[in-house]
Amino acid sequence: AQMREERIEKTKTVCTYCGVGCSFDVWTKGREILKIEPQEEAPANGISTCVKGKFGWDYVNSEERLKKPLIREGDAFREAEWEEALDLIESKFKETMSKKGPDALAFISSSKCTNEESYLMQKLGRGVIGTNNIDNCSRYCQSPATMGLWRTVGYGGDSGSITDIGQAELVITIGSNTAESHPVLATRVKRAQKLYGQKVIVADLRKHEMADRADLFVRPAPGSDLVWLSAVTKYIIDQGWHDETFLSEHVNDVEEYIRSLDKYTLDYASETTGMSKDELIEIATSIHQAKTTSILWAMGVTQHGGGSDTSTAISNLLLVTGNYMKPGAGAYPLRGHNNVQGASDFGSMPDRFPGYQFVSDDEVRGRFEKSWGTDIPKEPGLNNHEMVDAMHDGRLDVLYLKGEDMGIVDSNINYVHSAFEKLDFFVVQDIFFSKTCEYADVVLPASPSLEKDGTFVNTERRFQRLYKVLDPLGDSKPDWQIIVEIANRMGADWDYGHPSEIMDEAASLTPMFAGVSYDRLEGYDSLQWPVDADGTDTPLLFEDKFPFPDGKARLWPVDWTKPVEFGEDYDLHVNNGRILEHFHEGNMTYKSEGITRKTPKVFLEVSHELARERNLEDGTVVRLTSPYGSVKVSCIVTDRVFGNQLYLPMNTNGEGAINYLTSSHSDKDTDTPAYKEVSVKMEVLEPK
Ligand code: SF4
């Protein structure tokens, strides 16, 4: 063992941060991480990584890692052995089931965990406990994009590969801080712009790096993207620039859709969005002139009351202009977490089995019931958002949550915290003692990605293997092993020896992943779904048909939902998103020394205009208050934001967390929180 400790090892893994899915070799000596070495054959990134992928790994050896199960005693926690913690979970789960039935329990999976772990979490909920109350954090981000694409083109995934984006003649990014949120993907665009004259249009509230580099940067009013997208589409049709051949061969419901655009005139759009008519015409003309247009979008689109409809409008525009079925064209909803795509792909959703098969479909459900040897309820369960209400009104008594700091990342977190307090029994499984753990009854120590085998699916629908680099720290265990132990205590008889066996089972039940197996994912080999049984995968999602019975896509009329208004007192709009160095709630990156030294705490970006008006300077401490809560944060004066627009990074490590300010309003079709619809008033606490 001593010798082994001292040997230098090189192991392939996949980045645990964003959805680009960079893969690389990790060099280790014992538990020491010596370096990250990207390889040419890495499909998404080649020899590139960003600062997080390169330097953001020392959290795995942090002193703060959870190493033993914790059990609540009064207001404190004490360490416990696994047996005791699992005994307690078993007895509480069984007690609740016998008192109130399986729907009094709920399960939340994690986009940080592997596909195999998401599969097991939904199998535990549905097959062992008997409830469809299962969800994951794509509910917080990209469910609206998935909805928009499902409605129109039938698959909720990126149209092509990340490398294809480099081939587009025109790239439009909407509500995406691509250079900071998906850095390595952004370098493809930057390179194509420089080398091949790729045209880039950016629509955003904030002048981030991509906006700086764009050929055209437009700033539509918050939450108004559907309006300008529809107006541009209408203008294209009015000019006769639509792709008639593509529409007649591949698209249904064209006439009805065109009629639905009547009100989206340039005048109306200009008035509503604040964009000039020239800008709208320039966007339409650029799309008309480009042979291929790719549209990239992220949370600036989805986290609104009409997020699904705006995503639908994007897809409508691409259909009208024939921008599907060719490399360099199509829809690219950029997935945030490393495995947010996979968590939904593998069925951690209240209404879908793996592969987006409906729970309510008798044939599908019968197939899973036969394989699992259990009955599965037909009715969809609660999503994350509904779970919070159900905790408040006493329908939900038990929550088992893994790898998700819901107490920071959900919206309106004061309301979420009080919901947690109403639970009878709360199990949180994580690698660190998060804010959410403060409300738990039992905390289970899990292992991060470097300590387990498995697969992730990145934003371009690509399955990639990660290999175990280190042994689990202390008594922590890979999430899949913990779920197996809980399931078996609840009466299951699972004997998976390795995650590959879980994948084999999931693939056998899911036509979309029929040919996915570990043999086909050795080393840097990868597969993009759908994958046929013979292993043929699908880099270009649509080649000659869309996955509807007649092979045709559907244009889907949508209408604009006005953003929520907070009232006159709340005179400043707070945009929120990522910064390059940190990731999400910061649980991992704030434990990484190098990264924290560079960006030690959260800050608020304010405009020069506002700074002059309110006497703000770099370092001025302010309190922001919305109807839902308040935060204290210090200012940075910058030209990245304009007028009454503020920018508060969501990467907070607890302090200054944006979700003390956000509301419980959500996308009307998917319940994704309207994180981007938040207004505040500002009070200056400590002038510099
Ligand atoms: Fe990781 Fe994303 Fe950075 Fe790649 S771009 S190294 S996947 S955080």
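The values are calculated or read from the model by the stated rules, or taken from the named source; none is laboratory data. None of these values were measured; they are calculated from a predicted model. All Cβ positions, glycine included, derive from the backbone under ideal geometry; neighbour counts span all protein chains shown.
Tabulated results
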| read-out | value |
| --- | --- |
| Qualifying residue in region 407-425 (condition: among the basic types (Lys, Arg) and outside any helix (DSSP H, G or I)) | no |
| Positions within region 342-365 being charged (D, E, K, R) and outside any loop (DSSP other than H, G, I, E, B), in sequence order | 345, 352, 362, 363, 365 |
| In region 191-211, the residues that are within 16 Å of the ligand (Cβ to nearest atom) and touching an Asp or Glu at 6+ places or on another chain (Cβ under 9 Å) | 208, 209, 210 |
| Test: residue 634 is surrounded by fewer than 21 Cβ atoms within 10 Å (Cβ to Cβ), touching a strand residue (DSSP E or B) at 6+ places or on another chain (Cβ under 8 Å) and either at pLDDT 95 or above or not assigned by TED's automatic domain parsing to the domain that holds residue 299 (or both) | yes |
| Members of region 387-425 that are at pLDDT 95 or above and acidic (Asp, Glu) | 389, 393, 397, 421, 424 |
| Residue within region 97-108 that is within 14 Å of the ligand (Cβ to nearest atom), of a type in the set (Lys, Arg) and either part of a loop (DSSP other than H, G, I, E, B) or more than 19 Å from the chain's Cα centre (by Cα) (or both) present | no |
| Where a residue in region 42-58 is more than 15 Å from residue 191 (Cβ to Cβ) and its partner, wherever it lies, is near the ligand (Cβ under 7 Å from one of its atoms) and among the β-branched types (Val, Ile, Thr), with Cβ under 7 Å and at least six apart | 49/184 |
| Those residues of region 178-195 which are touching a Lys or Arg at 6+ places or on another chain (Cβ under 6 Å) and of a type outside the set (Asp, Glu), in sequence order | 181 |
| Positions within region 171-188 being in contact (Cβ under 8 Å) with a residue 60 or more places away in the chain and within 16 Å of the ligand (Cβ to nearest atom), in sequence order | 173, 176, 177, 178, 179, 180, 181, 182, 183, 184, 185, 187 |
| Any pair with Cβ under 6 angstrom, 6 or more apart, that starts in region 227-254 at a residue that is within 19 Å of residue 286 (Cα to Cα) and ends at one that is assigned to a loop (DSSP other than H, G, I, E, B) and of a type in the set (Val, Ile, Thr) | 243/321 |
| Contacts under 8 angstrom Cβ, first residue in region 495-513 being in a helix (DSSP H, G or I) and surrounded by 17 or more Cβ atoms within 10 Å (Cβ to Cβ), partner at pLDDT 95 or above and basic (Lys, Arg), 6 or more apart | 499/452; 509/367 |
| Hits in region 428-456 (condition: assigned to a helix (DSSP H, G or I) and within 21 Å of the chain's Cα centre (by Cα)) | 436, 449, 450 |
| Number of the condition not met by residue 167 [criteria: (1) touching a residue at least 60 places away in the same chain (Cβ under 8 Å); (2) under 19 Å from residue 276 (Cα atoms); (3) away from the ligand (no atom under 16 Å from the Cβ)] | (2) |
| Of all residues in region 515-552 being in contact with an Asp or Glu (Cβ under 9 Å, 6 or more places away or on another chain) and closer than 10 Å to residue 154 by Cβ, the one that is surrounded by the fewest Cβ atoms within 10 Å (Cβ to Cβ) | 551 |
| In region 464-521, the residues that are closer than 28 Å to residue 533 by Cβ, over 25 Å from the mean Cα position of the chain (by Cα) and of a type in the set (Val, Ile, Thr) | 484 |
| Qualifying residue in region 45-58 (condition: under 20 Å from residue 472 (Cβ atoms) and either surrounded by fewer than 17 Cβ atoms within 10 Å (Cβ to Cβ) or modelled with pLDDT of 95 or more (or both)) | yes |
| Residue selected from region 255-289 under the condition under 30 Å from the mean Cα position of the chain (by Cα) and of a type in the set (A, V, I, L, M), by the criterion surrounded by the most Cβ atoms within 10 Å (Cβ to Cβ) | 269 |
| Residue within region 70-85 that is more than 25 Å from residue 486 (Cβ to Cβ), in the same structural domain as residue 480 (by TED's automatic domain parsing) and either of a type in the set (D, E, K, R) or touching a helix residue (DSSP H, G or I) at 6+ places or on another chain (Cβ under 6 Å) (or both) present | yes |
